Amino acid sequence: MSPEQFLVKIAKQPPAPVYLFLGPEGYQRRICKDAMVDKVLPGEARLEGFTRVELEETSLAAVLDDARSLSLFASDRVIWIAGAEAALPRRLSSGGDEEDGTEKSGPTALIQDYLKTPTPGTVLVFECSRYDFSGDDKAKLDRVAKFYSAIPDVVEFRPFTPESIRFLAQELIKQHKLKLSGAELAFLLEVIGGDATRLAVEIEKLLLLVGTERKVTLDDIRALVPSASQSTIFSLVNALGKSDRAGALRSLDILVREGEYLPLALTFVATQFRLALAAKEAGLKSSQQAVSFFTKQGIRIWRERAEQVMKTADVFTTEQIRRALVMLYQADKGLRDTRPDDRTVMEALVVQLTK
């Protein structure tokens, strides 16, 4: 089930005896955790009734034995079991299954036995936040889900989509009565990279800085939000696309004065050009097409970033992008030389790209 479904369910009926929380998204997981604890342990009951254990430090059998025992201090309990993946057998055969069949007859059987007669008033939550739902992590997460398949109530904490993170931002802004919209909101979403927890933190920081009386500006975000220098890096890319040498050098000067690590800035520029080349070769015509295309390739990209990529693809020809990537590679090698002057290397790159 989704976090939203879990919250609706927990509000209307008693919690299940055991849950499995899967996925790395921390913002919704924290909300679901708070809702669970408030439901089972209202008020001061939380002080005595909440227990957190790490499966890397204790055994699954010990956790279930603890759940079966009656506490002297609390009639209701929530046992939060972090690192659920640590209970899985580590030895794998060539076929990908456990060599000794432990998955069917060992620890999993302990969970099945517990679920036959769960302790009244006690809720167990197994949490696996280490693995994602895509890429190399997917097979590992599938294995965790298979191991805990005896648990019927599974909540999946998937990363926010570009649309859902924008909706969340608008809800938080409305809740805090913050004057933030338009280009400023797009910029904030870009620099937080789809991280909902960070979004909530940065909005609270902006509220403390600006208050509710005046509008949040781009300068406010640049001054307060880490990684906001990425906008200056894009300004550098945009200037390069227009062969605006003076503008590109001004952007580079801002990065130097702000203490930006120039090899990191170079990496961002190179990524921008690689994505632009991929967009041109795929024949993409809009930011919406770019979001769809790169998402299918396993590359998470936000609408605002897609617009930046398409602008870069529009102002450079395919041959210019390929030539730029060669120059970026050479500049990267230059930055790795013994005691390089990073600014000199970057200025030379700007001159080459704006000839």
When F6, F160, F268 are arranged by how many other beta-carbons sit within 10 Å of their Cβ, fewest first, they go F268, F160, F6
Using amide H atoms built in the peptide plane, which far-off residues or other-chain residues are under 5 Å from T217 H to H?
none
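Calculated from DSSP H runs of 4 or more alone, at -39500 (n - 2.57) each and per residue, what is the 222 nm mean residue ellipticity of the chain, nearest 500?
On the way: 18 runs with 210 residues, N = 355.
My calculation for the chain gives -18000 deg cm²/dmol from helical runs alone.
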What's the exposure ranking of K355, K311, going from fewest to most Cβ atoms within 10 Å?
K355, K311
By count of other Cβ within 10 Å, fewest leading, how are R222, R214, R30 ordered?
R214, R30, R222
Kirkwood Rh, segment 230-353, all Cα pairs: how many Å?
14.7
Here, D253 and T197, labelled 7 Å along Cα→Cβ, have an inter-label distance in nm of 4.0
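Any idea what the relative contact order of segment 3-156 is, in percent, if you count C-alpha pairs under 8 Å spaced at least 6 apart? Write out the running numbers ahead of the final one.
On the way: 215 pairs, mean separation 58.5, N = 154.
Taking the mean separation of contacting Cα pairs over the length of segment 3-156, I get 38 percent.
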Starting from the 7 Å offset along Cα-to-Cβ, what nm value, one decimal, do you get for the label separation of A246 and R274?
3.4
Which aspartates and glutamates have a Cα less than 15 Å from the Cα of K39, not counting those fewer than 8 places away in the same chain?
E48, D76
Taking a point 7 angstrom from the Cα of L115 along the C-beta vector, which residues in segment 15-56 have backbone N less than 11 Å away?
17-20
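Given a Förster radius of 22 Å and the C-beta distance between E204 and T161 as r, what FRET efficiency does 1/(1 + (r/R0)^6) yield to the nearest 0.05?
On the way: r = 23 Å, r/R0 = 1.04.
In this case the efficiency is close to 0.45.
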Suppose R0 equals 51 Å. What FRET efficiency, 1/(1 + (r/R0)^6) with r the Cβ-Cβ distance, do D34 and L335 give to the nearest 0.05?
0.65
Please work out the FRET efficiency for the pair S134 and S75, using the Cβ-Cβ distance as r and a Förster radius of 30 Å; give the result to the nearest 0.05.
0.10
Distance in nm between label sites at S149 and E57, each 7 Å beyond Cα in the beta-carbon direction?
3.2
Taking every pair of alpha-carbon atoms in the chain, what share in percent sits in each 10 Å bin, from 0 to the bin with the longest distance?
5, 19, 23, 21, 17, 11, 4, 0
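Every number in this text was worked out from the coordinates using simple rules, so none of it is lab data. Note that this is a predicted model, so its numbers are computed, not measured. Counting neighbours? That spans all protein chains shown, and the Cβs are built from the backbone with ideal geometry, glycine included.
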